[in-house]
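Peer 1: Pasting a structure below so you can have a look.
Every number in this text was worked out from the coordinates using simple rules, so none of it is lab data. All of these numbers come straight from a predicted model, not from anything done at the bench. Virtual Cβ from ideal backbone geometry, glycine too; neighbours counted across all protein chains shown.
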Amino acid sequence: MAAAFDTLAYARRLRQAGFSEEQAEVQAEALAAVINETLVTKQDLRDLATKQDIRELKQELNELGRGTKQDVQELRQEVKELGRVTKQDIREVEYRLTVRLGTMLTVAVGALAALVKLL
């Protein structure tokens with residue numbers, strides 16, 4: 001799943017800032033490629049965590065065999081804890097990704113401003 005990035009709007013803003021249409025399109029495509037290749041979406045993280053959690057639980061259940069009610073209760077508690085920790089981890093990753101994207105956009109705007117001054 002790709003991150004939402006409006007290349008058309010971005011290219012339009014570059015043209016309004018004085019870039020040629022070709023320059024604006026190339027810059028928008030390059031930034032979209034960087035965003036799509038390097039960012040992970042929340043859904044990607046959820047899918048990965050969920051599949052891994054299910055595998056681990058299946059393995060634990062197989063090892064326990066029939067298990068007791070207490071074992072089942074402990075597993076339920078562990079699953080709840082895993083869910084809580086996973087949500088917290090996703091929030092932390094989301095924050096880091098937001099900061100990274102902001103930094104990338106700041107650098108890109110700075111580079112564009114420098115190019116505009118040179119032109």
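Peer 1: Let me confirm the definition first: pairs of Lys residues in region 41-119, 8 or more apart or on different chains, C-alpha distance under 30 Å. How many are there?
Peer 2: Lysine pairs meeting both conditions in region 41-119 amount to 12.
Peer 1: A further question follows. Run the dipole for the chain about the Cα centre, Lys and Arg Cβ at +1, Asp and Glu Cβ at -1, nothing else charged, and hand back the magnitude in debye, nearest 20.
Peer 2: Details: 18 positive and 19 negative charges, 74 e Å.
Here the chain has a charge dipole of around 360 debye.
Peer 1: Pop the C-beta distance of GLN73 and ARG46 into the FRET formula with R0 = 22 Å and round what comes out to the nearest 0.05. All intermediate terms of the calculation are to be shown ahead of the outcome.
Peer 2: On the way: r = 25 Å, r/R0 = 1.16.
In this case the efficiency is close to 0.30.
Peer 1: Given the Cα-Cα distance of VAL107 and GLU22 and 0.36 nm per residue of separation, how much length would full extension add, in nm?
Peer 2: Values: separation 85, 0.36 × 85 = 30.60 nm, distance 2.06 nm.
Taking 0.36 nm per residue and subtracting the Cα distance, the gain is 28.5 nm.
Peer 1: Taking N as the number of residues in region 13-54, what is its Cα Rg relative to 2.2 N^0.38 Å?
Peer 2: On the way: Rg = 17.0 Å, N = 42, 2.2 N^0.38 = 9.1 Å.
Output field value: 1.87.
Peer 1: I would also like to ask the following. I need the trypsin sites (Lys or Arg not before Pro) found in region 1-92, filtered to DSSP loop residues with at most 13 other beta carbons within 10 Å of theirs.
Peer 2: Values: sites: ARG12, ARG13, ARG15, LYS42, ARG46, LYS51, ARG55, LYS58, ARG66, LYS69, ARG76, LYS80, ARG84, LYS87, ARG91; in loops: ARG66.
Answer in residue order: ARG66.
Peer 1: Which values, in whole Å and largest first, are the semi-axes of the equivalent ellipsoid of region 1-103 obtained as the square root of 5 times each eigenvalue of the Cα gyration tensor? Write down the numbers at each step before the final one.
Peer 2: Working: eigenvalues 432, 30, 11 Å².
Working through the eigenvalues yields semi-axes of 46, 12, 8 Å.
Peer 1: Let me ask another. Please work out whether region 60-115 counts as rounded, prolate or oblate from its C-alpha gyration tensor, where a ≥ b ≥ c are the square roots of the eigenvalues and a/c under 1.5 means rounded, while otherwise a/b larger than b/c means prolate and anything else oblate? Let's see the in-between values first.
Peer 2: Values: a/c = 13.06, a/b = 5.00, b/c = 2.61.
The shape class here is prolate.
Peer 1: Work out the charge dipole of the chain with +1 on the Cβ of Lys and Arg and -1 on the Cβ of Asp and Glu about the Cα centre, then indicate which of ALA9, GLN23, VAL34 is farthest towards its positive end.
Peer 2: Selected residue: ALA9.
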